[in-house]
1. Would you mind stating whether Phe138 is within 21 Å of Leu191 (Cβ to Cβ), assigned by TED's automatic domain parsing to the domain that holds Ser204 and buried (at least 16 other Cβ atoms within 10 Å of the Cβ)?
2. Step by step: first the residues of the stretch 147-199, then only those that are of a type in the set (Asp, Glu) and not in a loop (DSSP other than H, G, I, E, B), then the one that is surrounded by the fewest Cβ atoms within 10 Å (Cβ to Cβ). Which residue is that?
3. Output the residue which, of all residues in the stretch 77-128 that are touching an Asp or Glu at 6+ places or on another chain (Cβ under 6 Å) and either in a strand (DSSP E or B) or of a type in the set (Ser, Thr, Tyr) (or both), is surrounded by the most Cβ atoms within 10 Å (Cβ to Cβ).
4. Working only within the stretch 129-146, note down all residues that are under 14 Å from Val169 (Cβ atoms) and either hydroxyl-bearing (Ser, Thr, Tyr) or part of a helix (DSSP H, G or I) (or both).
5. Within the stretch 218-237, restricting attention to residues that are hydrophobic (A, V, I, L, M, F, W, C) and at pLDDT below 80, which residue is farthest from Tyr96 (Cα to Cα)?
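The values are calculated or read from the model by the stated rules, or taken from the named source; none is laboratory data. The model shown is predicted, which means the values in this text are computed figures rather than measured ones. Virtual Cβ from ideal backbone geometry, glycine too; neighbours counted across all protein chains shown.
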Amino acid sequence: MTVMKKNSWIIALILIVIGFALLLVQLLLCKSETFWYSVSGNAASVILICGVLGLLEEVISKKDRDEQLRELFRISSAIKDSGLLDIKIDSQEYSYSQLLSDSDVFYTIMNDGLRWVNTYSAQLKKRFSNKSKVTEFFFVDPKGCFADALAQKTGRTLDSLNNKISETVSVLSDLYSQQSTREGSLKIYYLKNYPTQSIFYTDSIIVTTSYQTSCGRNTVPLFEYKYDKASTNIAKF
C-alpha cells in the first residue's frame, strides 16, 4: 500500500515535469500559429492538469488518512482509558479458573448461577479451603418481583426458577460445608432488584456480560476490564 502511494506521487510529479518540458519545447522550438505549436501547447496543458490533479488527490487522500489515523488513535486511547483488556464474542469461551485461583476477593452477580457453579465447583472448593479468599454471590431473590418476569423470559415456571436458585445455594453450601476445610469466607445474598448484567469482580479484574431482553438463548458478549483504584475508568465505576 505504501509503495503504491509513493508511486502515485512520483507519477504526478513526472507528469508536471513533462508538462513544463512541453511548454519549453513550444516556446523554443515551435513557431506560433503552426500545427506543432498548438499540439505541444495542448498536450502540455492536459499533462500539467493531470499532474496537478494527481497531486491534489494525494494531498486530499493523505489528509483523510491522517484524520482516520487520528480517529483510530483516539479510539485506542479511549479503550486504554476504559481499562478494557479483552472482548469475547461468546461469553462461554471465557474461563474463570484463573480469577478463582488467583484473586483474594471474588464477588459475582448472576440470575441463578447453577450452571456456572457446577462448572467451577472444583475451583470453588479450593477457594473455600484457603483462609485468604473471600467469596460472595448475589442471586435473584426467589421472592422478589423480578423472579416472575425472569421465569417467563426464560420459558420456565416460577417454581422451576426458584428451585434452580435454591439448588445453586445448596451446591455452594455443600461445597463449602462438606467438601472444603471452610477456612475461606463464603456469603450469599439475594437481590431485591433485577440485575441488568452479570458481574464478576476481583482484586484487579472485572468481567461483565450483558443480559439480553428477548427470550431464547443467543450468543452473549463478554467484556474484561482491568481494575485500578487510582484511575476513574469503567471498571472502577
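1. Values: within 21 Å of Leu191 (Cβ to Cβ): yes; assigned by TED's automatic domain parsing to the domain that holds Ser204: yes; buried (at least 16 other Cβ atoms within 10 Å of the Cβ): yes.
Yes: the conditions hold for Phe138.
2. Checked the stretch 147-199; the qualifying residue surrounded by the fewest Cβ atoms within 10 Å (Cβ to Cβ) is Asp159.
3. In this case the residue turns out to be Ser103.
4. So the first thing to find is which residues in the stretch 129-146 are under 14 Å from Val169 (Cβ atoms), and the list is 135-143.
Once the filter is applied, which keeps residues that are under 14 Å from Val169 (Cβ atoms) and either hydroxyl-bearing (Ser, Thr, Tyr) or part of a helix (DSSP H, G or I) (or both), the stretch 129-146 yields only Thr135.
5. This residue is Ala230.
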